[in-house]
Amino acid sequence: MFESFQHLINGFGIATTIQNLSYCLIGAIVGTVIGVLPGIGPIAGIALLIPATFGLNATSAIIMLAGIYYGAMYGGSTTSILLNVPGETASVITCIDGYQMAQKGRAGQALAICAIGSFIAGTFGIFGLVFLAPPLAEAALAFGPPEYFSLMVFGFIVLSNVTGTSLIKSLMMSVLGLIIGTIGIDPVTGDPRFTFGSVPLLGGIEFVAVAIGLFGIGEVLTNVEKPLGTLDEKVLVPRLRDLYPSLQDLKKSLGAILRGTGIGFGVGLIPGPAPVIATYASYMTEKRISKHPGEFGKGAIEGVAGPESANNSACQAAFIPLFVLGIPFAPPTAILLGALLIHGVNPGPMMIGQHPELFWGVIASMYIGNFVLLLLNLPFVPLFANILRIPKKILLPLVILFCITGMYTVNNSVFDIWMMLLFGGLGFTMRKWAYEGAPLLLALVLGPKLEVAFRQSLMISHGDFGTFVNRPVSLIFLIATILFLIVPVLRLLFKKGGR
Amino acid sequence: MTKIIFAILFLLSLIMAMPLQAAEFPTKEVQIIIPWAAGGATDLIFRALAATTGKYLGKAVVVINRPGGAGAVGFTEAMQAKPDGYTLVSAVTPLTILPHQVSTAFTYKNFDPILNVVDDPSMFLVRSDAPWKSLKEFLDYAKKNPNMIKVGNSGAGGGVHLVALAFERAAGVKFNHIPFSGGGPSVTAILGGHVNAVSVSPPEGISQVQAGKLRIIALFTEKRLDLFPDVQTVKEQGIDFAMGMWRGLVAPKGTPADVIKKLHDAFKQGMEDPALIKNAKDMAVNLRYLSPEAFGKLMAADHEFYGKLVKEIKKLN
């Protein structure tokens, strides 16, 4: 334990050299810009900048690239709050209450609480990374296909009605998401499904296209439909004093931030787009725990603080499998793996022993980076809030431009852009008829994983369904799901009986 | 006034759009399409090669990722590109496998080979605490318990899955193949003990073997690996089987012969560059140069081989 501490101090020594500090700063700034621009996400940013790191030593390179990753998480919430357009896919949930807060003139508070929440989450996350990394990695390994299946079922049932409007409509959207998720190559047999002979569809529909399309383009189209006059509207920007959260705001949010951090850290260990799932989980939790659930959807600050913290801490947790096991669980960390390999570092169980200066240097620099981002973001809150001054007729076309370019950077595919526009049209139609996009996105993310886990489990057990209940962790999740479904019904019955 | 400016700009743009005189190749940068996402094994080695080849070619070499459809998207686009030597594509073993599995617009015949760069071994890994200490024990157990040993792979129908299937036929046993979405999840699964063995190709699993958590139980190469000189190949132990994953460069069919020669010479020099050799060593990647003719023959042979293999598998299913 003491040794770890000593390593950490060394790490700070490495991270605070002028060279590494500047790389950290560059990474954080670039990451924030990437996060703010809708469509472009950390994956593209990191991949594009890898060649820029060729001349650097491994530690500096990773410091910069890691900076981009969590910088993007900070920046992603900005457009979500101001324009109801997610800056990147994990910020979709932030749109819900964040935009409502902006509409009520509380954009500054929302932006600030995002920065603060992310900072707190990042700080705790780093401690978690340092002290809990090996046992958490072992725990992550213990999750086999049956456990993933039950976890997915649990997540699916619990998170489907995250916005709490009509249950039937949410379920319809979930099913639609599931169907869309089946398009592509069957993960178990390798046969194409629903591709109609189209080559681009073989890879399935890119989930970023659906997210940015439904929420970003959909939002723009909804605005366009409004009468011409409102496009010249500008939201009234309050005074500087009013831009920062009050003490009461901070008190309310603290619980959400801490819970979000914990949830995000745990969920971040799941392979795949974990930050997205983490934000859903945090939002649901806050809604259930809150004494004023009716506020959610109308500008509850917990609905912004929780998910943003969960987002950031899931990001930190994603480094654990990468550094401890040498296996990336999510696309951004896969690219970091590539960067590490190019620089001659073999991530894996031996990395911490062989390259302690890299591991501890990066950890220390993450802490510094979080601090830097907080300092960067807070003063910029008034600047960002002023974006709302731009008349919508100029702002909205710019948003579309960024969405399209950003979409292209993900896969260099024009097909993706068409998909995004298609889903934009769908999103617009859905909004007219009060259908929520959040369940669709969740189903698109969880559905394929659920299917793969189910089939893998049965292949491993030679068709024995008992595998899901014979394993303790899997059984726990299944029981939790059943309880979640039954308890409200039981409560209702008992209430009626009690009268 | 504005109209005049626009007219001038318009005319200028027309002039610039006219094709340039065919000057010495290359007059601009060369693109390599990688049909997989950034960060994968193919992507990494070709990025490193692109970095060193630039100076020998005289113009920069740039890598573009076009993932999707298990490689189909990238290959299709490369096939349709102009055969002028400015668009190349990394040809990897799946190029000869994919056309047998789904109906694609391309086969290896739509491309002209330039050279082969990498010949990555494939192998089976088990946990270091697994009960089988040798290949013999492993296969004996498999023979006595058909379909019981769970062998993970990085994707149904993918390269390492087919290696596992071909090995089954060569050794006369039957495994239970469990597909995962990529090399990472398959290695995670074996570390967690959810499968008994995993079929991989470096760099997947290498760092875990070096750390002592996993062991190589079956090595499907012609010669022993430099990195692990004590590990015997299956050939040495009596099974005539060797199969690897090659990665080379090809151009769309019809590219002029002198352009191909220039590209070939430049990339060969890039391969021999000490920086690349070091990079490859660090990534545990096995460089193996093949001339265009030899590479073309290899692709043709593999196309035949995988065609037969995939047909057999389809019959069984």
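The values are calculated or read from the model by the stated rules, or taken from the named source; none is laboratory data. This is a predicted model, so every value here is computed, not measured. Please note: Cβ atoms are built from the backbone with ideal geometry, for glycine as well, and neighbour counts cover all protein chains shown. The accessibility values were calculated without ligands, DNA or RNA, using every heavy atom of the protein model including side chains. Shrake-Rupley method; radii C 1.70, N 1.55, O 1.52, S 1.80 Å.
List pairs: first in the stretch A:122-147 and farther than 20 Å from residue B:188 by Cβ, second open to solvent by 10 Å² or more (accessible area, probe 1.4 Å) and of a type in the set (Gly, Ala, Ser), Cβ under 8 Å, 6+ apart or cross-chain?
Filtered contacts from the stretch A:122-147: A:130/A:4; A:131/A:4.
For the subset of the stretch B:269-290 comprising residues that are over 23 Å from residue B:223 (Cα atoms) and away from every other protein chain (no Cβ under 14 Å), which member is surrounded by the most Cβ atoms within 10 Å (Cβ to Cβ)?
Among those residues, the one meeting the criterion is B:270.
I want to confirm something. Restricting to the stretch B:62-92 and keeping residues that are within 22 Å of residue B:281 (Cβ to Cβ) and more than 11 Å from every other protein chain (Cβ to nearest Cβ), which single residue is modelled with the highest pLDDT?
Result: B:90.
I'm checking my understanding of the structure. Among residues of the stretch A:132-163 that are more than 30 Å from residue A:455 (Cβ to Cβ) and touching a helix residue (DSSP H, G or I) at 6+ places or on another chain (Cβ under 7 Å), which one is nearest to the other protein chains (Cβ to nearest Cβ)?
In this case the residue turns out to be A:134.
So that you can scan it fast, the table gives a plain yes or no per residue for (1) part of a loop (DSSP other than H, G, I, E, B); (2) within 13 Å of another protein chain (Cβ to nearest Cβ); (3) not hydroxyl-bearing (Ser, Thr, Tyr):
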position	(1), (2), (3)
B:178	no, yes, yes
B:185	no, yes, yes
B:194	yes, yes, yes
B:212	yes, yes, yes
B:232	yes, no, yes
B:245	no, no, yes
B:251	no, no, yes
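Within the stretch B:94-147, work out how many residues are assigned to a loop (DSSP other than H, G, I, E, B), more than 14 Å from chain A (Cβ to nearest Cβ) and farther than 30 Å from residue B:264 by Cβ.
5
Condition first: farther than 9 Å from residue B:174 by Cβ and surrounded by 13 or more Cβ atoms within 10 Å (Cβ to Cβ). Now tell me which residues in the stretch B:131-144 satisfy that.
B:132, B:135, B:137, B:138, B:139, B:140, B:141, listed by residue number.
Find the helices (runs of 4 or more DSSP H) located wholly in the stretch A:86-202 whose residues include 3 or more that are of a type in the set (Asp, Glu), open to solvent by 10 Å² or more (accessible area, probe 1.4 Å) and closer than 30 Å to residue A:371 by Cβ, and list them.
Counting at least 3 such residues, we get no helices (runs of 4 or more DSSP H) at all.
Would you pick out the residues in the stretch B:30-49 that are assigned to a helix (DSSP H, G or I) and farther than 13 Å from residue B:264 by Cα?
Selection gives B:41, B:42, B:43, B:44, B:45, B:46, B:47, B:48.
Just one of B:173, B:200, B:195 is of a type in the set (Val, Ile, Thr) and modelled with pLDDT under 90; which is it?
B:200 is the lone residue from the list that is of a type in the set (Val, Ile, Thr) and modelled with pLDDT under 90.
Quick check on this structure: which one of A:263, A:289, A:327 is in contact with a helix residue (DSSP H, G or I) (Cβ under 6 Å, 6 or more places away or on another chain), over 22 Å from residue A:370 (Cα atoms) and free of Cβ contacts under 8 Å to residues at least 60 places away in the same chain? Walk me through it before giving the result.
Details: A:263 fails: over 22 Å from residue A:370 (Cα atoms); A:289 fails: in contact with a helix residue (DSSP H, G or I) (Cβ under 6 Å, 6 or more places away or on another chain).
The conditions single out A:327.
State all residues of the stretch A:286-304 that are within 22 Å of residue A:74 (Cβ to Cβ) and in contact with a Lys or Arg (Cβ under 8 Å, 6 or more places away or on another chain); if no residue qualifies, say none.
A:286, A:299, A:301, A:302, A:303, listed by residue number.
Which numbered condition in (1) touching a strand residue (DSSP E or B) at 6+ places or on another chain (Cβ under 9 Å); (2) more than 17 Å from residue B:219 (Cβ to Cβ) is the only one that residue B:175 fails?
(2)
Residue pairs, Cβ under 8 Å, 6 or more apart or interchain, first in the stretch B:214-243 and under 19 Å from residue B:149 (Cβ atoms), second open to solvent by 60 Å² or more (accessible area, probe 1.4 Å). List them.
Taking only residues 6 or more apart or on different chains, the pairs are B:214/B:127; B:215/B:127; B:219/B:232; B:237/B:136; B:241/B:235.
With the stretch A:1-83 as the region, which helices (runs of 4 or more DSSP H) entirely inside it contain at least 3 residues that are surrounded by fewer than 19 Cβ atoms within 10 Å (Cβ to Cβ)?
A:2-15, A:18-36
If I ask for residues that are of a type outside the set (Gly, Ala, Ser), touching a Ser or Thr at 6+ places or on another chain (Cβ under 8 Å) and more than 19 Å from residue A:349 (Cβ to Cβ), which ones from the stretch A:117-134 would you list?
Matches in the stretch A:117-134: A:120, A:124.
Would you be able to say whether some residue in the stretch A:376-398 is in a helix (DSSP H, G or I), under 20 Å from the mean Cα position of the chain (by Cα) and either more than 10 Å from chain B (Cβ to nearest Cβ) or at pLDDT 80 or above (or both)?
yes
Can you pull out every residue in the stretch B:227-253 that is aromatic (Phe, Trp, Tyr) and in contact with a Phe, Trp or Tyr (Cβ under 7 Å, 6 or more places away or on another chain)?
Step one: of the stretch B:227-253, the residues aromatic (Phe, Trp, Tyr) are B:228, B:241, B:246.
Scanning the stretch B:227-253 gives a single hit, B:241.
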